[in-house]
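A.B. asks: Could you have a look at this structure, given as structure tokens, before my questions?
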Amino acid sequence: MIKPLADRVVIEPKEAEKQTAAGLYIPDTAKEKPQQGVVLAVGPGKKDEPMEVKEGDMVLYGKYAGTEVTIDDKKYLIVKQSDILAII
């Protein structure tokens, strides 16, 4: 598993919607990048900035935040705590 450093967080992004509320199927090329996910690992934080999120939290993050990493055919996102907008 990935162990983040400093104020970084590892997130497993929620899958993009495959169907609209009206029942229309969305093709892969038109799907939007998900902005929600579950926190899998949290770094130790910085001296002047304690970590506010914890493992298992569902979070909302910026659309272009972080770095995507693929390990064992699973996509993860590594973001700084400051890129997390809210805990849901």
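A.B. asks: Which residue pairs have Cβ atoms under 8 Å apart, sit 6 or more places apart or on different chains, and have a first residue in segment 11-31 that is under 28 Å from Asp57 (Cβ atoms) and free of Cβ contacts under 8 Å to residues at least 24 places away in the same chain and a second that is small (Gly, Ala, Ser) and surrounded by 12 or more Cβ atoms within 10 Å (Cβ to Cβ)?
C.D. replies: Ile26/Ala16; Lys31/Ala16
A.B. asks: While we're on this one: Scan segment 21-64 residue by residue and report those that are basic (Lys, Arg) and over 14 Å from the mean Cα position of the chain (by Cα).
C.D. replies: Lys31, Lys46, Lys47
A.B. asks: Could you list all residues from segment 65-88 that are open to solvent by less than 60 Å² (accessible area, probe 1.4 Å), more than 10 Å from the chain's Cα centre (by Cα) and touching a residue at least 40 places away in the same chain (Cβ under 8 Å)?
C.D. replies: Result: Val69, Gln81.
A.B. asks: Just checking, how many residues over segment 29-59 are open to solvent by 40 Å² or more (accessible area, probe 1.4 Å) and small (Gly, Ala, Ser)?
C.D. replies: 2
A.B. asks: For segment 1-28, give me each residue that is of a type in the set (A, V, I, L, M) and either open to solvent by 90 Å² or more (accessible area, probe 1.4 Å) or modelled with pLDDT of 80 or more (or both).
C.D. replies: Met1, Ile2, Leu5, Ala6, Val9, Val10, Ile11, Ala21, Ala22, Leu24
A.B. asks: Another one. Can you tell me which of (1) under 21 Å from Ile88 (Cβ atoms); (2) open to solvent by less than 40 Å² (accessible area, probe 1.4 Å); (3) of a type outside the set (Asp, Glu); (4) in contact (Cβ under 8 Å) with a residue 60 or more places away in the chain is the one Gly62 doesn't meet?
C.D. replies: Only one criterion is unmet by Gly62, namely (4).
The values are calculated or read from the model by the stated rules, or taken from the named source; none is laboratory data. Everything numeric here is computed off the predicted structure, so don't read it as measured data. FYI the Cβ positions are ideal-geometry reconstructions off the backbone, even for glycines, and counts take in every protein chain you see. Heads up: the accessible areas ignore ligands, DNA and RNA and are worked out on the full protein's heavy atoms, side chains in. Shrake-Rupley method; radii C 1.70, N 1.55, O 1.52, S 1.80 Å.
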